[in-house]
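First comes the structure, then the notes that go with it.
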Amino acid sequence: MPLGGGNKCGRCSKTVYFAEEVLCDGRSFHRSCFLCMVCGKNLDSTTVAVHMDEVYCKACYGYGQGAGTLSMDKGESLGIKPEEPAPHRPTTNPNPSKLAQKFGGSDKCPRCGKSVYAAEKVMGAGSAWHKTGCFTCATCGKSLESTTLADKDGEIYCKACYGKNFGPKGFGYGLGAGALAHTQ
């Protein structure tokens, strides 16, 4: 904690005192600053989604739109300029042997091929990945959690992209409950 007060707010950068502090993803916020970056709704621990150091409500980030679809609204209508996702780095594991990985030091990340140490390790699709930068959807680049991913052929995807790319095709799939669509 800096001298002369509390931590700095992750939104406004002003001092946050204990009575008004909300903690999220290792950062402090004023209760009045802990708002969705897109719609401005107040957030709490059950409604927050963090992506690239920004906080969103789960509805704006893509949760809760039925049948696992991803919201494509990036906030342009509110003047938010979306960041371009990093170019996809295909999975390349130069050392696929589990035995060699185990006794050769640390696990190797399938995305970047570098060593994964315990502090940065997250498991998915049977492999150890770097939590930051590598444990992302192969299609859209969205950060993943071990409970929100789907895998195919050793690559990881968010559930929305997996459903779009590998799920059922035809009438009524992927558009939310009760919706019908005609695909050509």
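The values are calculated or read from the model by the stated rules, or taken from the named source; none is laboratory data. Fair warning: this is a prediction, and the values are worked out from it, not measured in the lab. Cβ sites come from the backbone with ideal geometry, for glycine too, and all protein chains shown count toward neighbours. These area figures cover heavy atoms from the full protein model, side chains too; ligands, DNA and RNA do not enter into them. Shrake-Rupley method; radii C 1.70, N 1.55, O 1.52, S 1.80 Å.
Put simply, of K41, K8 the only residue that is surrounded by fewer than 17 Cβ atoms within 10 Å (Cβ to Cβ) and modelled with pLDDT of 90 or more is K8. Residue-level check: of (1) touching a strand residue (DSSP E or B) at 6+ places or on another chain (Cβ under 9 Å); (2) more than 21 Å from D25 (Cβ to Cβ); (3) modelled with pLDDT of 85 or more, G113 misses just (1). Against the criterion of being free of Cβ contacts under 8 Å to residues at least 12 places away in the same chain and either open to solvent by 50 Å² or more (accessible area, probe 1.4 Å) or of a type outside the set (F, W, Y) (or both), R31 qualifies.
Considering only residues that are assigned to a strand (DSSP E or B) and open to solvent by less than 30 Å² (accessible area, probe 1.4 Å), which ones fall in the range 116-156?
Within the range 116-156, V116, V122, G124, S127, A128, W129, H130, T136, L149, A150, E155, I156 qualify.
Could you please let me know if S143 is in contact with a Lys or Arg (Cβ under 9 Å, 6 or more places away or on another chain), at pLDDT 85 or above and of a type in the set (S, T, N, Q)? Against the criterion (in contact with a Lys or Arg (Cβ under 9 Å, 6 or more places away or on another chain), at pLDDT 85 or above and of a type in the set (S, T, N, Q)), S143 qualifies. Cβ-Cβ contacts under 9 Å between residues 6 or more apart (or on different chains), taken from a first residue in the range 37-66 that is among the polar types (S, T, N, Q) to a second residue that is at pLDDT below 85 and assigned to a loop (DSSP other than H, G, I, E, B), are listed as Q65/S71; Q65/G176.
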